[in-house]
Structures are given as structure tokens and as C-alpha cells.
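Worksheet for the structure shown next.
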Amino acid sequence: MRDRVRVVVQGGGRRGRGGAVARLLWVGAEVITTAGVVVALLVVHQVWWTNRQAVAAAQEQVRELERAWGTGMGTGMGMGGGGGAGADVPVVEGASSGGGSAPVAPGRSAGGGERAVPDPAPAPAPAREEAYAVLRVPRLGLTVPVAQGVDKRTVLDKGYAGHYPGTAQPGAAGNFALAGHRNTHGEPFRYINRLRVGDELLVDVRGRRYTYVVGKVLDETTERDTGVIAPVPHSTVRPGAGYTEAGSYITLTTCTPEYTSKYRLVVWGTLRS
């Protein structure tokens, strides 16, 4: 009788299982890498491309306004913003995003003197979401169009500064209050934390210029602090912050700290007499 030869193969099943695990790990790594690339592209689009688009469109809007006014009031300043990440909603909570605002009315400066630029024929309130003014901040090299309303999609995401409905118009008695993004979508107010007392804020409307001077800065307050855009701006959260007498004011609001929308940063100024 012939001897039977038995060949025993050891470990074949284990190697098969190991190969399957390796393939799964490889597929998982590819999926993670692909997802990482997609996320990176989305970040680049949000941080860089949307900023470029918003800045370019906002600057074209400034030029259109100046052409309509028949004047070249520009000083060569740009948007003043750099790259950034994240999105903010810089408005003070409770402020309407549309509707009309108080028309320009003769007013007096915070110091009691006559306005720097008298306007005996007040202009009507601009249409909702219409760009109608230009804000220039020499210290920041900033030039940005101002539109009626603070709607995120139709105003702020265009790289504009938004005028809070119901607040005063430029040069008028009361508070000309504005909101703007600090990160992405043109981020015009990204560096307003660098403003100091005495800096000028120039507002051009139909060829007329109103000069405000920074008087106070509120580094941080809540989004519910509606007193910061009141006719006499003050904080309802930080006692003593703001003003107590009637005058002609300007208010800039944005988010703080950067890349979040947790708090609000506020800059106040008064009309130069």
C-alpha cells in the first residue's frame, strides 16, 4: 500500500483575514484623504475666493456711486481686509434687517455746534438693501459701500457695511449705526479693533462728506446690547460705557473675538463740528 502524503497549509485563513483588513484600512485612508481635500477646497473657497469676490464687487459699487454723484472722492483706499476663516453675523440682536430708516434731518454735533456739512434739503431714506453711501477709514485704508439694512445675504455678504434701519442718516442728529463682517465676505470691519480715539471716519453721500471722529471703543458686549445703536449710544450691559447727551453719532459694530459671533465689538464716534 502506498503511503499517503498529506500537505498541511498553515495560516492561510489568517493571511486572508489580514489581507482583508489591510484593504479596508487602505480604502478608509483613501476616503479620509479625499474628504480632507474636499474640506480644504471648501475652506479655500470660503476664506479666499468669497473674500475676493466680495471685495471686487464692493469696490465696483463704490465706483458706481461716485460716477452717479459725478465726483471722484476716492483716496485710493481698498477694503482693508485680509484673509480669514469662519463666518460672523455682526448685527446687534433685535435690529431689523429691512425697512426704511429715519430721513436725514438737520442736527447738531455732540459738542453742541452746527454740523460740519449743513443740509437744508434732507434726502429721503434709501430703498431697502440699496447701496447709497461710502464709508472711508483712513487709518485702516478702508473704503466700503454702505447699504440700507443689515440682512446677511443681501447686504453684509456682499462686503458692504449695513445701515441699521431706524437709526439716523449720515450727518443727522441721532446715531448713524452700521454693521459689517469681520471674517470672510469682504470682511470690511475686520480691523476696527485697531481704531483709536481721534481717528476719522468719513461718510460720503451724494458727493457730500460727513466727518466723524472716534470717541469711544467698547471691546466686548453681548449681541442683545441694543443700547449701542440707540439715538444716544450706550451699553445696557456695561454700565458707564457710551454717551449720555444727545448729539450726532456714528456706530460701527462687528463680531468678536475673530472667527466667532459670540460677542460684539463696538466703535463710537461723533460728528465733527
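Nothing in this text is a laboratory measurement; each read-out follows from the coordinates by a stated rule. Keep in mind that what you see is a predicted model, and the values were worked out from it rather than measured. Cβ sites come from the backbone with ideal geometry, for glycine too, and all protein chains shown count toward neighbours.
For segment 17-30, putting each phi into the Karplus relation 6.51 cos²θ - 1.76 cosθ + 1.60 with θ = phi - 60° gives couplings of 5, x, x, 5, 4, 4, 5, 4, 5, 5, 4, x, 5, 5 Hz, in residue order, rounded to whole numbers and with x for Gly and Pro.
Report the percentage of all Cα-Cα pairs in segment 112-261 whose separation exceeds 28 Å, rounded to a whole percent.
On the way: 1363 of 11175 pairs.
Value for segment 112-261 (Cα pairs over 28 Å): 12 percent.
By how many nm would the segment from A20 to E200 grow when fully extended, if each residue of separation counts as 0.36 nm and the alpha-carbon distance is taken off? Don't jump to the answer; show the numbers that get you there.
On the way: separation 180, 0.36 × 180 = 64.80 nm, distance 6.84 nm.
Taking A20 through E200 to full extension adds about 58.0 nm, to one decimal.
Here the spin labels are modelled as points 7 Å beyond Cα on the Cα-Cβ line, and at R209 and K262 they lie 4.0 nm apart.
So between A29 and A68, what do we pick up on full extension, going 0.36 nm a residue minus the alpha carbon distance?
Values: separation 39, 0.36 × 39 = 14.04 nm, distance 5.69 nm.
Length gained between A29 and A68: 8.4 nm.
In this simple spin-label model, placing a label point 7 Å from the Cα along the Cα-to-Cβ direction at both R52 and T154 gives a separation of 2.9 nm. Footprinting exposure proxy ranking of V146, V217, V27, V134, fewest other C-beta atoms within 10 angstrom first, gives V27, V217, V134, V146.
Can you list which of the GluC sites (Glu not before Pro) found in segment 176-273 are DSSP loop residues with at most 13 other C-beta atoms within 10 Å? Could the numbers behind the result be given before it?
Details: sites: E200, E220, E223, E245, E258; in loops: E223, E245, E258.
Listed in order of number, the matching sites are E245.
Each residue of segment 166-179 was assigned a 3J(HN,Hα) from its phi angle through the Karplus curve 6.51 cos²θ - 1.76 cosθ + 1.60 (θ = phi - 60°); the sequence is x, 8, 5, 8, x, x, 8, 5, x, 10, 7, 10, 10, 10 Hz, with glycine and proline shown as x. Shown in residue order for segment 56-68 are the 3J(HN,Hα) couplings computed by the Karplus curve 6.51 cos²θ - 1.76 cosθ + 1.60 at θ = phi - 60°: 4, 5, 5, 5, 5, 5, 4, 5, 5, 4, 5, 5, 5 Hz (x for Gly and Pro).
Within 10 Å of each residue's Cβ, count the other Cβ atoms and sort D204, D219, D151 from fewest upward.
Numbers: D204 22, D219 13, D151 19.
Neighbour counts put them in this order, fewest first: D219, D151, D204.
Taking other Cβ atoms within 10 Å as a rough exposure proxy, H185, H234 sort from fewest to most as H234, H185. Taking amide H atoms as placed 1.01 Å from N in the peptide plane, the amide H of A177 lies under 5 Å from those of Y164, A168, T251, each 5 or more residues away in sequence or on another chain.
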